[in-house]
1. Compute the acute angle (0 to 90°) between the alpha-carbon long axis of helix 159-170 and the principal axis of greatest extent of the alpha-carbon atoms of the chain; round to the nearest 10°.
2. Quick check: the angle from helix 240-252's long axis to the longest principal axis of the chain, C-alpha only, nearest 10 degrees?
3. Please report, for the Cα atoms of region 143-289, the Rg to one decimal and the Dmax as a whole number; what are they, in angstrom?
4. How compact is the chain by the rule of thumb for globular proteins, expressed as Cα Rg over 2.2 N^0.38 Å?
5. Which number do you get for Rg(Cα) / (2.2 N^0.38 Å) in region 38-89?
6. I need to check one value: relative contact order of region 113-236, counting alpha carbon pairs closer than 8 Å and at least 6 residues apart, in percent.
7. Rank the residues 78, 257, 97 as a footprinting-exposure proxy: fewest other Cβ atoms within 10 Å of their Cβ go first.
8. Given the convex hull over the Cα atoms of region 94-189, what projected area results after averaging over all orientations, in nm²?
């Protein structure tokens, strides 16, 4: 009788102990998740260069309000036909990435087809100035950032891949690292596509602009500051050949960079995977400085 009672008591006690520990663990995990839950702002940022405002998504990591020293920032650019909300809608995991890597992620609006350049034929399109200068100034003035080029990186997909490298090389005083995912890195081969002539002009009158505004030539300009560079493209992508050629040219010119090619197409399945490695690459760069 005594042994049976003792045994029942022991089982009940052990059960209650385990249940209590489980509840405590769940409460702890929920509290942790709440403490480090990223948040998303949608802001309008005015451009003095274009005399208008565009929307921009800002992903803040959990614990943002308590941060005293500021966060590094990755600027993440959308592709042709996209907008400021593309990335956060198609890859909601960005919030988790921001949390885990302790980054602010900024997704500017590059208009439907700006290619992130200052158009030589349309004064209303000044997206090199806007994204390369005005938006970082706004973000630094309004968010808890580390205000140093060594704590800023820029990358994007497709048109935004061109923008990431183009702005990285042209504004190395602002960005310490840059990258590209499936980037259209040689626009000279696509003169009749993606509204490029509306932005750059015809190829005869503006031949010099076509040469000066394409990434494959921009990399020839001497950098005022060193850059950490990552290029990523799928082998089944229609931009694969130009990315491979850019990689070979950078090797020839001894421009240090990380280059990744793997099976994949020009689609969100590829970019959803690629962005994880780009963000990790940038975080490693930030940590090394």
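Throughout, read-outs are computed from the coordinates displayed, never taken from laboratory work. Note that the coordinates shown come from a computational prediction; the quantities given were computed from them, not determined experimentally. Please note: Cβ atoms are built from the backbone with ideal geometry, for glycine as well, and neighbour counts cover all protein chains shown.
1. Taking the Cα atoms of the chain, the angle to 159-170 is about 70 degrees.
2. The answer is roughly 80 degrees.
3. Answer for region 143-289, Rg first and Dmax second: 15.1, 47 Å.
4. 1.24
5. Cα Rg divided by the expected 2.2 N^0.38 Å: 1.33.
6. The value is 27 percent.
7. Arranged by neighbour count, lowest to highest, 78, 257, 97 become 257, 97, 78.
8. One quarter of the hull surface, i.e. the mean projection, equals 6.8 nm².
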